[in-house]
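First the structure, in the form of structure tokens, and then the observations on it.
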Amino acid sequence: MCGIVGYVGTEAPQGIILEGLKKLEYRGYDSAGIAVVDNGELKVRKHVGAIVNLERMIGDEKLGGHVGIGHTRWATHGAPSDINSHPHLSADGKVALVHNGLVENYTEIKQRLLEEGFSFRSETDSEVAAVLVGKYYAEGLELVEALGRAVSEMEGTFALAAVAYDRPDEFVAFRRNAPLIVGKGRGCNFVASDFSALLKYTKDVHLLENDDLVLLRPDSVTIWDKDRKKVTRETLHISWDVNAAEKGDYEHFMLKEIYEQPQGIMETLRRNLTDDGRVDIYDMKLTPEHFAQFNKVCIVACGTAYHAGLVGRYILEKIVKLPVEVDIASEFRYRDPFVDEKTLFIAISQSGETADTLEALREAKKKGAYVLSIVNVVGSTVARESDDVFYTWAGPEIAVASTKAYTTQLLCLYLLALYFADLRGTIDADHYREMVDALVAVPKQMEEVLEMRPAIEKLAKKLYDRDQVFFIGRGIDSSVAYEGSLKLKEISYINSFAIAAGELKHGTIALMEPKTIVIALATQDRLFDKMVSNIQEVKARNAQIISIAKEGNTKIEEHSDVTFYIPQCIDEVTPLLSVIPLQLYAYYVAKEKHCEIDRPRNLAKSVTVE
Ligand code: M6R
């Protein structure tokens with residue numbers, strides 16, 4: 001959580017940093033702040049709330065200088081407030097620091113500093129880091145040494161950047177298990193929590209390793225590794241387009257990203273499918289011999305990525321014929337899972353920085369599993385710590401509610417399943433061909449589904465004020481139900497609930513009332529009649545039914561108040577299509593309720609704390 005931007009160069013940092021922070025606002029938006037070094041003075045401006053509040057506060061003031069750091073916050077220690085906002089100052093006011101992550105031993109450090117006579121203004125662990133760096137700087141260390149000394153005493157996961165009042169041409173930074181990249185410009189250099197903040201200025205970045213300490217000047221970037229040896233780090237050229245991180249003509253990023261799904265699918269297919277329709281996963285290191293040793297697959301992820309994993313289990317079990325477990329990452333580590341060198345461990349993450357997923361991945365590696373990750377952000381920590389990476393080519397996803405990442409994650413799981421099934425000889429040529437053809441048809445079919453938008457908007461306008469919504473489905477549809485429910489609750493704050501339809505009668509059906517909305521996914525030919533029976537059960541309790549079915553299955557209309565049809569396709573690939581009406585429904589309900597769609601309350605895009 002939290003976003004960091006730092007700049008040193010020939011221009012005034014103010015505009016560059018504020019612009020960069022806006023691109024990172026999806027990471028946290030409780031408060032924002034900036035510090036620049038201007039003529040021997042540290043100018044710090046910070047304000048609770050979104051960056052626009054900070055901009056209003058700064059008004060026409062020109063902060064000047066050539067070096068600065070900025071921060072957008074998702075509160076962990078201490079409520080969102082001006083005083084808890086970053087940058088934080090050292091006790092003597094000579095060093096300013098921004099921080100992302102958690103300093104786990106901050107209470108002990110704080111106690112020690114209090115005993116030494118230092119005082120604190122905020123409740124944050126971040127201020128403790130600022131005071132500690134400031135103390136060492138005041139004792140005569142170079143700024144970079146002071147930061148290096150301070151982090152050697154700090155435990156936890158964090159990224160930091162700091163400036164000092166008398167250092168007009170440099171700033172320093174550090175990363176430990178929290179994202180931070182270095183951007184290389186001409187006559188200027190940057191740090192940021194992710195690429196999107198820098199795309200306008202540079203596409204060349206250094207990926208930092210854990211415990212790297214960095215000194216940035218206009219013409220140089222010096223990096224020391226964990227043993228404080230000078231090192232050079234790999235430079236990566238980012239292919240993302242600057243416009244990909246802009247809203248364009250769309251009112252919200254979420255709507256734009258829903259509409260970008262056909263493109264994300266096409267791009268991911270293009271990179272991993274040969275002209276003659278064979279799956280050839282780009283850069284896959286896993287050899288057929290190694291693959292043959294696995295006796296189970298374990299998928300771990302959080303939130304939407306976990307829901308993608310649930311779909312993945314159906315597909316992998318069906319066509320690869322290996323047992324597949326799917327776990328919520330935050331639970332995985334604590335149940336002493338049975339994982340060993342015969343386990344293929346698949347971590348799914350859009351950001352590649354989710355702390356729970358990362359910790360689960362590390363646990364699995366410790367136990368000897370082979371880790372393959374499905375990740376959207378190139379060079380992210382999950383990607384770098386995995387044995388193999390399968391990138392989703394969704395482009396930057398800015399809205400907190402994940403949409404295009406989900407569908408590209410699904411696609412990667414389908415492609416993996418085909419690839420593995422082929423290696424294991426568990427799929428025949430006709431079925432392989434049928435699946436590939438079905439996937440290739442998806443982008444066009446997604447376009448058709450997107451045409452439902454006006455009808456879904458109309459429905460949302462009618463039903464937005466209901467306070468209870470259920471999502472039900474059977475088989476693979478139940479996994480999509482979970483995703484639909486999460487989308488609705490996270491952006492519209494409606495109490496929604498997903499359940500496998502067959503499970504309703506074991507308790508949950510007690511909640512059905514005349515105004516309850518039930519969104520019923522009935523896309524599985526094999527389970528269609530069973531699903532119709534479940535719909536009848538809730539209909540009999542006077543719930544209102546919105547159903548999603550495949551074109552032609554009109555029988556469902558007798559039992560539904562409203563039906564949306566997805567194009568005909570094989571049962572396995574329906575999630576790629578059926579999720580779209582659910583995303584649009586969540587979007588329009590939230591819009592009708594005047595919710596902050598791209599930045600829902602209490603959430604952040606990238607959850608880098610456990
Ligand atoms: O970046 P990740 O895919 O690892 O993020 C996982 C979840 O935090 C994420 O999917 C979250 O649930 C979204 N807000 C859902 O829309």
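Scanning region 203-222 for residues that are open to solvent by less than 30 Å² (accessible area, probe 1.4 Å) and among the charged types (D, E, K, R) returns a single hit, ASP212. Contact map, region 256-273: first residue of a type in the set (A, V, I, L, M, F, W, C), second residue open to solvent by less than 30 Å² (accessible area, probe 1.4 Å) and assigned to a helix (DSSP H, G or I), Cβ cut-off under 6 Å, separation 6 or more or different chains; pairs are ILE258/GLN583; ILE265/LEU411; ILE265/VAL442; ILE265/PRO443; MET266/PRO443. Scanning region 348-378 for residues that are closer than 22 Å to SER196 by Cβ and open to solvent by less than 10 Å² (accessible area, probe 1.4 Å) yields ILE348, SER349, GLY352, THR357, LEU358, SER373, ILE374, VAL375, ASN376.
Here's the yes/no breakdown for (1) within 29 Å of CYS302 (Cα to Cα); (2) open to solvent by 60 Å² or more (accessible area, probe 1.4 Å); (3) within 23 Å of the chain's Cα centre (by Cα):
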residue: LYS404; (1), (2), (3): yes, no, yes
residue: LEU423; (1), (2), (3): yes, yes, no
residue: ASP428; (1), (2), (3): no, yes, no
residue: ARG453; (1), (2), (3): yes, yes, no
residue: ILE456; (1), (2), (3): yes, no, no
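One line per residue, one yes/no per condition, for (1) under 22 Å from GLY15 (Cβ atoms); (2) hydrophobic (A, V, I, L, M, F, W, C); (3) in a loop (DSSP other than H, G, I, E, B):
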residue: VAL144; (1), (2), (3): no, yes, no
residue: SER152; (1), (2), (3): no, no, no
residue: ARG167; (1), (2), (3): yes, no, yes
residue: ARG186; (1), (2), (3): yes, no, yes
residue: VAL191; (1), (2), (3): yes, yes, no
residue: HIS206; (1), (2), (3): no, no, no
residue: ILE223; (1), (2), (3): no, yes, no
residue: ALA244; (1), (2), (3): yes, yes, no
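Can you find a residue in region 448-464 that is within 14 Å of the ligand (Cβ to nearest atom), in contact with a Leu (Cβ under 9 Å, 6 or more places away or on another chain), outside any helix (DSSP H, G or I) and not polar (S, T, N, Q)? Checked against the condition, which is being within 14 Å of the ligand (Cβ to nearest atom), in contact with a Leu (Cβ under 9 Å, 6 or more places away or on another chain), outside any helix (DSSP H, G or I) and not polar (S, T, N, Q), region 448-464 yields no hits at all.
Name the residue, out of ALA173, ALA129, that is under 22 Å from GLY28 (Cα atoms), among the small types (Gly, Ala, Ser) and part of a strand (DSSP E or B).
Working: ALA129 fails: part of a strand (DSSP E or B).
Exactly one of ALA173, ALA129 is under 22 Å from GLY28 (Cα atoms), among the small types (Gly, Ala, Ser) and part of a strand (DSSP E or B), namely ALA173.
Table: residues versus (1) on the phi < 0 side of the Ramachandran plot; (2) at pLDDT 95 or above.
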position: SER193; (1), (2): yes, no
position: SER196; (1), (2): yes, no
position: ASP211; (1), (2): no, yes
position: LEU215; (1), (2): yes, yes
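Among the helices (runs of 4 or more DSSP H) confined to region 277-333, the ones with at least 1 residues that are away from the ligand (no atom under 14 Å from the Cβ) and in contact (Cβ under 8 Å) with a residue 24 or more places away in the chain are located at 288-292, 303-319.
When region 490-510 is filtered for residues that are among the acidic types (Asp, Glu) and either surrounded by 20 or more Cβ atoms within 10 Å (Cβ to Cβ) or in contact (Cβ under 8 Å) with a residue 12 or more places away in the chain (or both), only GLU490 remains. Out of curiosity, is TYR106 open to solvent by 20 Å² or more (accessible area, probe 1.4 Å), of a type in the set (Phe, Trp, Tyr) and touching a helix residue (DSSP H, G or I) at 6+ places or on another chain (Cβ under 8 Å)? The answer is yes for TYR106. A single member of GLY277, GLY264, GLY312, GLY248 is small (Gly, Ala, Ser), more than 29 Å from THR343 (Cα to Cα) and more than 17 Å from the chain's Cα centre (by Cα), and it is GLY248.
Any residue at all in region 119-134 that's of a type in the set (Phe, Trp, Tyr), within 15 Å of HIS88 (Cα to Cα) and open to solvent by 50 Å² or more (accessible area, probe 1.4 Å)? Show your work before the answer.
Of region 119-134, the ones of a type in the set (Phe, Trp, Tyr) are 120.
From what is left, the residues that are within 15 Å of HIS88 (Cα to Cα) are 120.
With the extra rule that they be open to solvent by 50 Å² or more (accessible area, probe 1.4 Å), the set shrinks to none.
Checked region 119-134: no residue is of a type in the set (Phe, Trp, Tyr), within 15 Å of HIS88 (Cα to Cα) and open to solvent by 50 Å² or more (accessible area, probe 1.4 Å).
Starting from residues that are in a strand (DSSP E or B) and more than 16 Å from the ligand (Cβ to nearest atom), keep the ones in region 334-380 and report whichever is farthest from the chain's Cα centre (by Cα). Walk me through how you get there before you give the answer.
Taking region 334-380 and keeping what is in a strand (DSSP E or B), we get 343-349, 370-375.
Adding the requirement that they be more than 16 Å from the ligand (Cβ to nearest atom) leaves 343-344, 370.
On the way: THR343: 25, LEU344: 23, TYR370: 23 Å.
Across region 334-380, the extreme among qualifying residues is THR343.
Filtered by the rule that a residue be over 27 Å from TYR414 (Cα atoms) and open to solvent by less than 50 Å² (accessible area, probe 1.4 Å), region 458-489 gives LEU459, ALA460, LEU463, ARG466, GLN468, VAL469, PHE470.
When you go through SER81, SER85 one by one, which is the residue that is part of a loop (DSSP other than H, G, I, E, B), surrounded by 24 or more Cβ atoms within 10 Å (Cβ to Cβ) and touching a strand residue (DSSP E or B) at 6+ places or on another chain (Cβ under 6 Å)?
Numbers: SER81 fails: surrounded by 24 or more Cβ atoms within 10 Å (Cβ to Cβ).
One residue alone meets the criteria, SER85.
Report whether or not GLU317 is open to solvent by 10 Å² or more (accessible area, probe 1.4 Å), at pLDDT 95 or above and over 17 Å from the mean Cα position of the chain (by Cα). Here the answer is yes, as GLU317 does meet what is asked.
When PHE338, PHE390, PHE345 are checked against the criterion of being in contact with a helix residue (DSSP H, G or I) (Cβ under 7 Å, 6 or more places away or on another chain) and either surrounded by fewer than 19 Cβ atoms within 10 Å (Cβ to Cβ) or over 26 Å from LYS203 (Cβ atoms) (or both), a single residue qualifies: PHE345.
Checked against the criteria, ALA383 counts as free of Cβ contacts under 8 Å to residues at least 60 places away in the same chain and either in contact with a Pro (Cβ under 9 Å, 6 or more places away or on another chain) or within 14 Å of the ligand (Cβ to nearest atom) (or both).
The values are calculated or read from the model by the stated rules, or taken from the named source; none is laboratory data. Note that this is a predicted model, so its numbers are computed, not measured. Cβ sites come from the backbone with ideal geometry, for glycine too, and all protein chains shown count toward neighbours. When the accessible area is computed, the model is the full protein with side chains, heavy atoms only, and any ligands, DNA or RNA have been set aside. Shrake-Rupley method; radii C 1.70, N 1.55, O 1.52, S 1.80 Å.
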